[in-house]
1. Can you tell me what share of the DSSP beta bridges in the chain is antiparallel? A percent to the nearest 5 is fine.
2. Using a 1.4 Å probe over the heavy atoms of the protein chains, calculate the carbon and sulfur portion of the accessible area of the chain as a whole percent.
3. Give the dimensionless ratio obtained when the Cα radius of gyration of the chain is divided by 2.2 N^0.38 Å.
4. Given axes a ≥ b ≥ c from the Cα gyration tensor, I'd like to know whether region 11-54 is rounded (a/c under 1.5), prolate (a/b larger than b/c) or oblate.
5. Taking the Cβ of Val75 as the centre, find all other residues whose Cβ is under 11 Å away and add up their charges (Lys, Arg: +1; Asp, Glu: -1).
6. Using a simple charge model, +1 on the beta-carbon of Lys and Arg, -1 on the beta-carbon of Asp and Glu, nothing else, what dipole does the chain show about its Cα centre, in debye to the nearest 20?
Amino acid sequence: MSITEGTEYSDTLGDSYAAGTISVSTTQVEAKVGASRSPTRETLRIYNNSNVTIYFGPSGVTSLIGEPIFKNQWVNIPVNGNLAVFLITATGTAADVRIQEIG
């Protein structure tokens, strides 16, 4: 018996994968690996490995309008290479936020 992939999944998770860490503070920072976001990314995974709640949203995100990611939680966001997602904390610094860009 063989397993075949449907055409709707033929370009998913096949082009790129990058992982890294970023430091998030009270000044917004873009969720990306390296100097620029991957142009082929389709999924952005953000894992909060810190003791501080982080918040994600569009440019201009604040802790009042962003969606929270609590300690040891993660979120997967369907994105493309043009969509920027930003992170911020209300106070303090989340020194270990892990980012994965999957394309």
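The values are calculated or read from the model by the stated rules, or taken from the named source; none is laboratory data. Computed from a predicted structure; not experimentally measured. Quick reminder, even Gly has a Cβ in these numbers, built from the backbone with ideal geometry, and neighbours come from all protein chains shown. In case anyone asks, the SASA skips ligands and DNA or RNA and just uses the protein heavy atoms, side chains included. Shrake-Rupley method; radii C 1.70, N 1.55, O 1.52, S 1.80 Å.
1. The antiparallel proportion sits near 100 percent.
2. On the way: 3200 of 6120 Å².
Answer for the chain: carbon and sulfur cover 52 percent of the accessible area.
3. Numbers: Rg = 14.9 Å, N = 103, 2.2 N^0.38 = 12.8 Å.
Rounded to two decimals, the normalised Rg is 1.16.
4. Verdict is prolate for region 11-54.
5. Around Val75, the charge tally is 0.
6. Charge dipole of the chain: 400 debye, to the nearest 20.
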